[in-house]
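Q: Dumping the structure here so I can ask a few things about it.
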Amino acid sequence: MTLAEGVQLVSFGLLAAMMIGTALGVVLLSNIVYSAFLLGGVFISIAGLYLLLNAGFVAAAQVLVYVGAVNVLILFGIMLVNKQEDFKVIPRAWIGKAATGAVCVGLFALLTTMVLGTPWALSSATPVGDGATVLIGIHLFSDFLLPFELASVLLLMALVGAIILARREYIPDEPVEASVSDALTLPERPRDLVSAGKSDN
Amino acid sequence: MLNFLKQVGDYARESVQAAKYIGQGLSVTFDHMSRRPITVQYPYEKLILSERYRGRIHFEFDKCIACEVCVRVCPINLPVVDWEFDKGTKKKELKHYSIDFGVCIFCGNCVEYCPTNCLSMTEEYELAAYDRHELNYDSVAMGRLPYKVTQDPMVTPLRELAYLPKGVMDPHDLPAGSRRAGKLPQEILAETQPRNGDTDQN
Amino acid sequence: MSQGIDLQDSFIQLLVQLGLPTGLAKALWLPLPMTLMLISATVSIFVTVWLERKISAAAQQRIGPEYAGPLGTLQAAADGVKLLFKEDIVPAQADSILFTLGPAIVVIPVFFSLLIVPFGQHMVITDLGIGIFLWIAMSSVTPIGLLMSGYSSNNKYSLLGGLRAAAQSISYEIPLALSVLAIVMMSNSLSTIDIVQQQSGYGILGWNIWRQPVGFLIFWIAALAECERLPFDLPEAEEELVAGYQTEYTGMKFGLFYVGSYVNLVLSALIFAILYLGGWESPISVDWLASILGISDTVPWLQVVTASLGIMMTVLKAYLLVFLAVLLRWTVPRVRIDQLLDLGWKFLLPIALVNLLLTAGLKIAFPFAFGG
């Protein structure tokens with residue numbers, strides 16, 4: 001075994017242990033903030049595994065998108081929500097937990113048999129490594145153009161939706177007259193559209 | 001459409017203007033970097049204070065007639081004057097006098113109104129103490145004169161800006177005997193005195 | 001194109017000649033550049049702190065640190081020693097695990113990004129294919145540490161500061177990445193070495209700053225915001241938030257935040273120098289001078305001169321930018337949080353997008369000048 005192989009094996013072991021440990025922590029810990037931070041750990045370990053698979057670009061993208069954006073937004077969401085609820089002991093809560101556990105174990109068993117039973121076609125081609133960036137680009141603009149564009153449209157829709165939600169400043173306490181059909185409109189304070197852009201001055 | 005274009009144009013112009021102002025600000029900051037530090041390295045260098053500096057108040061016990069004018073003109077009636085009427089001489093005899101410099105605002109009213117000039121302002125400003133009660137000076141403490149900056153061998157005395165020769169900005173290493181810009185008060189006095197005499201004769 | 005000096009090859013060859021196996025020789029080489037980089041990063045903190053104090057003093061007509069070492073050069077070391085010896089306090093109601101972990105998470109990505117900073121053709125820890133992308137990805141991890149320390153301090157100022165820092169970091173990451181993307185598009189590579197190579201050959205005229213006059217402004221504004229330097233230092237605005245997420249920290253944990261922020265500043269300046277100011281290239285191309293004087297570029301002494309000149313150039317350019325950052329600090333007042341987000345989302349983002357589009361168009365129209 002050369003030095004490189006040894007390092008690879010040890011890092012794989014470390015990363016796998018870290019990933020499983022943090023993932024279990026995300027699910028099992030009762031403090032939601034801990035869960036959110038541990039989620040970042042899961043993403044980082046996945047990025048590390050990508051690195052081991054010679055996919056540096058995917059690893060960096062994983063860190064950028066999942067740790068830098070998704071996880072931070074989750075944390076933001078948790079820290080900005082200021083709702084306190086008293087902890088209520090639910091009678092016979094163990095039934096739910098047991099059921100969840102059973103389902104999870106079942107899923108895990110199913111996946112294990114599937115993984116072990118499938119004859120994986122292992123590619124013998126050498127990984128492209130640093131050339132991956134170019135290859136991903138070519139694929140995105142040829143084979144996967146439609147999904148790529150669809151994803152961007154989806155993101156645009158989400159963006160527009162977020163802006164509409166954020167711009168809604170006032171929601172009346174009692175519902176507006178039911179006679180007026182407002183199925184597709186959001187309750188909003190009417191305002192001058194021209195001055196809207198200049199309101200921050 | 002035209003309105004929109006105008007908005008875009010205005011926005012662009014404002015951005016350019018903002019950039020210009022930031023550039024101007026940067027040039028001002030940069031210009032300041034080439035100026036000499038005005039720092040007075042305090043315990044080793046000290047400024048020579050102006051004649052009218054209002055520092056700790058000096059008190060001469062023997063001149064005081066215990067009239068309490070200083071108390072009356074003080075914004076907060078600060079000076080404490082302890083006297084006793086001496087029936088024999090029919091005069092007030094001063095026993096104690098004190099001012100709490102932790103409370104004093106150094107406005108100088110007491111000095112201004114003192115009929116016997118027993119109060120005066122000194123150049124002392126180093127009044128730090130470990131306990132605020134130490135700032136309550138009695139007549140003995142107020143009778144002490146501060147050490148002059150120019151006579152202290154440990155200190156390099158520096159002139160203030162208005163006392164420097166014309167065109168000089170740096171108080172360090174002035175040639176000996178260099179005099180300040182403009183006329184000294186006594187010179188102005190000497191110039192005006194004879195003319196006053198003339199007017200009197202006429 | 002000269003290959004320049006290759007220390008790694010020479011070192012390994014030397015050890016192999018001494019009778020060591022190649023694998024061992026490589027393993028012996030590996031920690032050397034990393035240790036060197038760590039040491040130089042630490043030294044750069046001292047230099048930057050000293051520069052910041054001295055330049056600030058000069059801008060305000062003061063003298064600045066004077067008594068600790070010659071011209072006060074040891075002042076930063078004195079401060080560091082003081083921080084080391086201070087008591088390490090964890091507030092009673094704070095979350096001690098997250099409280100300890102937070103500063104570490106802030107500092108580690110910054111040091112990690114130094115992997116890709118080149119000082120010469122072969123003077124880089126690793127020439128990663130993803131190069132500059134690693135820096136962007138790593139700098140997006142920092143807000144997690146800020147949120148962590150802000151949350152765990154159990155202090156409303158800390159929490160607000162942490163949230164502000166994260167919001168600021170996220171909003172300015174996008175214009176930053178977009179302006180970097182324009183550069184990447186011109187050099188057809190993410191690798192920092194290739195980016196510098198693409199600017200080489202014409203001396204000062206070949207630098208990207210002429211091709212990206214808008215991009216470099218966007219980059220610098222966004223980089224200052226990422227470093228939380230003064231026009232954008234709202235996360236630790238003293239007047240409003242005491243000290244933001246640093247409020248409850250003392251001792252070396254507090255010191256770590258400062259280490260992180262100063263290394264981040266130097267790192268941003270280095271990256272700016274690489275992206276826009278031609279990295280290790282001198283204003284007058286050394287290769288060109290050598291070819292005029294008729295010196296072959298395989299002459300050893302020329303290689304040594306080129307390499308040391310390259311290191312000096314990179315550091316000099318970076319510190320020029322640090323100087324600019326300090327000067328800006330005393331020129332521009334702090335922005336409000338709404339102005340900050342306005343600037344990020346309504347000004348820098350559209351302009352960065354337009355800049356990217358323009359660069360793409362120019363690349364198609366003039367492939368010889370904007371990278372074929």
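The values are calculated or read from the model by the stated rules, or taken from the named source; none is laboratory data. As the structure is a prediction and not an experimental result, all values here were calculated from the model. For neighbour counting, all protein chains shown are included, and Cβ atoms are generated from backbone atoms with ideal geometry for every residue, glycine included.
Q: Sort out which residues of segment C:125-141 are over 11 Å from C:F112 (Cβ atoms), more than 7 Å from chain A (Cβ to nearest Cβ) and buried (at least 21 other Cβ atoms within 10 Å of the Cβ), and write them in order of number.
A: Result: C:G131, C:I132.
Q: Take C:E240 and decide whether it is farther than 15 Å from C:V106 by Cα, assigned to a loop (DSSP other than H, G, I, E, B) and not basic (K, R). It would help to see each step written out before you state the result.
A: Details: farther than 15 Å from C:V106 by Cα: yes; assigned to a loop (DSSP other than H, G, I, E, B): no; not basic (K, R): yes.
Against the criterion (farther than 15 Å from C:V106 by Cα, assigned to a loop (DSSP other than H, G, I, E, B) and not basic (K, R)), C:E240 does not qualify.
Q: Any chance you could count how many residues in segment C:182-224 are buried (at least 20 other Cβ atoms within 10 Å of the Cβ), farther than 25 Å from C:W330 by Cα and not polar (S, T, N, Q)?
A: Here the count works out to 10.
Q: Based on what the data block shows, is B:T150 loosely packed, with under 14 Cβ neighbours inside 10 Å, touching a residue at least 40 places away in the same chain (Cβ under 8 Å), closer than 24 Å to B:D62 by Cα and among the hydroxyl-bearing types (S, T, Y)?
A: Numbers: loosely packed, with under 14 Cβ neighbours inside 10 Å: yes; touching a residue at least 40 places away in the same chain (Cβ under 8 Å): yes; closer than 24 Å to B:D62 by Cα: no; among the hydroxyl-bearing types (S, T, Y): yes.
Spelling it out, it is not the case that B:T150 is loosely packed, with under 14 Cβ neighbours inside 10 Å, touching a residue at least 40 places away in the same chain (Cβ under 8 Å), closer than 24 Å to B:D62 by Cα and among the hydroxyl-bearing types (S, T, Y).
Q: Output the residues belonging to segment B:66-83 that are on the phi > 0 side of the Ramachandran plot and within 25 Å of the chain's Cα centre (by Cα).
A: Our first condition is that a residue be on the phi > 0 side of the Ramachandran plot; within segment B:66-83, this holds for B:66, B:68, B:77.
Listed by number, the list holds a single entry, B:N77.
Q: Suppose we keep only residues that are exposed (fewer than 13 other Cβ atoms within 10 Å of the Cβ) and either part of a strand (DSSP E or B) or not hydroxyl-bearing (S, T, Y) (or both) within segment B:29-50. Which one would you say is farthest from the other protein chains (Cβ to nearest Cβ)? Steps first, answer last, please.
A: Applying the first criterion (exposed (fewer than 13 other Cβ atoms within 10 Å of the Cβ)) to segment B:29-50 yields B:31, B:34-36, B:42-44, B:50.
Applying the additional criterion that residues be either part of a strand (DSSP E or B) or not hydroxyl-bearing (S, T, Y) (or both) yields B:31, B:35-36, B:43.
Numbers: B:D31: 10, B:R35: 5, B:R36: 7, B:P43: 12 Å.
Going through the qualifying residues, I end up with B:P43.
Q: Considering only segment C:56-70, how many residues are assigned to a helix (DSSP H, G or I) and surrounded by 15 or more Cβ atoms within 10 Å (Cβ to Cβ)? If you could, list the steps in order and put the result at the bottom.
A: Kept after step one, since they are assigned to a helix (DSSP H, G or I), are these residues of segment C:56-70: C:56-59, C:70.
The next check asks that each one be surrounded by 15 or more Cβ atoms within 10 Å (Cβ to Cβ); those that pass are C:56-59.
The qualifying residues number 4.
Q: Further, regarding this structure: Just one of the numbered conditions (1) assigned to a loop (DSSP other than H, G, I, E, B); (2) of a type outside the set (S, T, N, Q); (3) within 14 Å of chain B (Cβ to nearest Cβ) is not true of C:R53; which one?
A: (1)
Q: Now for a separate question. Between C:G102, C:G120, which is part of a loop (DSSP other than H, G, I, E, B), surrounded by 15 or more Cβ atoms within 10 Å (Cβ to Cβ) and touching a helix residue (DSSP H, G or I) at 6+ places or on another chain (Cβ under 6 Å)?
A: On the way: C:G102 fails: part of a loop (DSSP other than H, G, I, E, B).
Being part of a loop (DSSP other than H, G, I, E, B), surrounded by 15 or more Cβ atoms within 10 Å (Cβ to Cβ) and touching a helix residue (DSSP H, G or I) at 6+ places or on another chain (Cβ under 6 Å) holds for just one of C:G102, C:G120, which is C:G120.
Q: Continuing with this model, one more query. Given the options C:S282, C:S308, C:S296, name the one that is under 25 Å from the mean Cα position of the chain (by Cα), away from chain B (no Cβ under 14 Å), in a loop (DSSP other than H, G, I, E, B) and closer than 26 Å to C:I193 by Cα. Break it down into steps so the answer makes sense when it comes.
A: On the way: C:S308 fails: in a loop (DSSP other than H, G, I, E, B); C:S296 fails: under 25 Å from the mean Cα position of the chain (by Cα).
One residue alone meets the criteria, C:S282.
Residues are listed down the side, and each one gets a yes or a no for (1) touching an Asp or Glu at 6+ places or on another chain (Cβ under 8 Å); (2) more than 17 Å from A:V58 (Cα to Cα); (3) away from every other protein chain (no Cβ under 14 Å); (4) modelled with pLDDT of 85 or more:
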{"site": "A:A102", "(1), (2), (3), (4)": "no, yes, yes, yes"}
{"site": "A:L107", "(1), (2), (3), (4)": "no, yes, yes, yes"}
{"site": "A:V115", "(1), (2), (3), (4)": "no, yes, yes, yes"}
{"site": "A:T118", "(1), (2), (3), (4)": "no, yes, yes, yes"}
{"site": "A:L122", "(1), (2), (3), (4)": "no, yes, yes, no"}
{"site": "A:A125", "(1), (2), (3), (4)": "no, yes, yes, no"}
{"site": "A:G131", "(1), (2), (3), (4)": "no, no, no, no"}
{"site": "A:L140", "(1), (2), (3), (4)": "no, no, yes, yes"}
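Q: Just name the residue that is farthest from B:Y163 (Cα to Cα) out of those in segment B:12-28 that are of a type in the set (A, V, I, L, M, F, W, C) and more than 7 Å from chain C (Cβ to nearest Cβ).
A: By that ranking, first place goes to B:A12.
Q: With within 11 Å of chain A (Cβ to nearest Cβ) and farther than 27 Å from C:I351 by Cβ as the only criterion, which of C:G161, C:G145 stands out? Quick ask: steps written out before the conclusion?
A: Working: C:G161 fails: within 11 Å of chain A (Cβ to nearest Cβ).
Of C:G161, C:G145, the one residue that is within 11 Å of chain A (Cβ to nearest Cβ) and farther than 27 Å from C:I351 by Cβ is C:G145.
Q: Right, next: So which of C:S10, C:S40 is within 30 Å of C:Y202 (Cα to Cα) and either within 14 Å of chain B (Cβ to nearest Cβ) or over 28 Å from the mean Cα position of the chain (by Cα) (or both)?
A: Only one candidate qualifies: C:S10.
Q: Checking the conditions here, which among A:F37, A:F57, A:F76 is within 10 Å of chain C (Cβ to nearest Cβ), among the aromatic types (F, W, Y) and in contact (Cβ under 8 Å) with a residue 60 or more places away in the chain? Break it down into steps so the answer makes sense when it comes.
A: Working: A:F37 fails: in contact (Cβ under 8 Å) with a residue 60 or more places away in the chain; A:F76 fails: in contact (Cβ under 8 Å) with a residue 60 or more places away in the chain.
Result of the check over A:F37, A:F57, A:F76: A:F57.
Q: Please go through (1) over 24 Å from C:L358 (Cα atoms); (2) in contact (Cβ under 8 Å) with a residue 12 or more places away in the chain; (3) small (G, A, S); (4) more than 11 Å from chain A (Cβ to nearest Cβ) for C:S179 and return the number of the only condition it doesn't satisfy.
A: Of the numbered conditions (1) over 24 Å from C:L358 (Cα atoms); (2) in contact (Cβ under 8 Å) with a residue 12 or more places away in the chain; (3) small (G, A, S); (4) more than 11 Å from chain A (Cβ to nearest Cβ), the odd one out for C:S179 is (1).
Q: Then there's this: Which ones in segment C:331-352 are closer than 18 Å to C:A223 by Cβ and among the hydrophobic types (A, V, I, L, M, F, W, C)?
A: C:V332, C:V335, C:L340, C:L341, C:L343, C:W345, C:F347, C:L348, C:L349, C:I351, C:A352
Q: Quick check on segment C:226-233. Is at least one of its residues in contact with a helix residue (DSSP H, G or I) (Cβ under 6 Å, 6 or more places away or on another chain), part of a helix (DSSP H, G or I) and at pLDDT below 80? Steps first, answer last, please.
A: Narrowing segment C:226-233 to residues in contact with a helix residue (DSSP H, G or I) (Cβ under 6 Å, 6 or more places away or on another chain): C:226-230, C:232.
This time we only want the ones that are part of a helix (DSSP H, G or I), so: C:226, C:230, C:232.
Right, trim to at pLDDT below 80 and you get C:230.
Yes, some residue in segment C:226-233 is in contact with a helix residue (DSSP H, G or I) (Cβ under 6 Å, 6 or more places away or on another chain), part of a helix (DSSP H, G or I) and at pLDDT below 80.
Q: Is segment C:71-94 home to any residue that is in a helix (DSSP H, G or I), among the charged types (D, E, K, R) and more than 14 Å from chain A (Cβ to nearest Cβ)? So that I can check it myself, show each step before the final result.
A: To start, the set of residues in segment C:71-94 that are in a helix (DSSP H, G or I) comprises C:71-72, C:75-85.
Filter again for among the charged types (D, E, K, R), leaving C:79, C:82.
Those left that are additionally more than 14 Å from chain A (Cβ to nearest Cβ): C:79, C:82.
Yes, segment C:71-94 has at least one match.
Q: Let me ask another. Collect the residues in segment C:317-337 that are closer than 13 Å to C:P231 by Cα and in a helix (DSSP H, G or I), keeping them in residue-number order.
A: Step one: filter segment C:317-337 for residues closer than 13 Å to C:P231 by Cα, giving C:324-337.
Within segment C:317-337, C:L324, C:A325, C:V326, C:L327, C:L328, C:R329, C:I337 meet the criteria.
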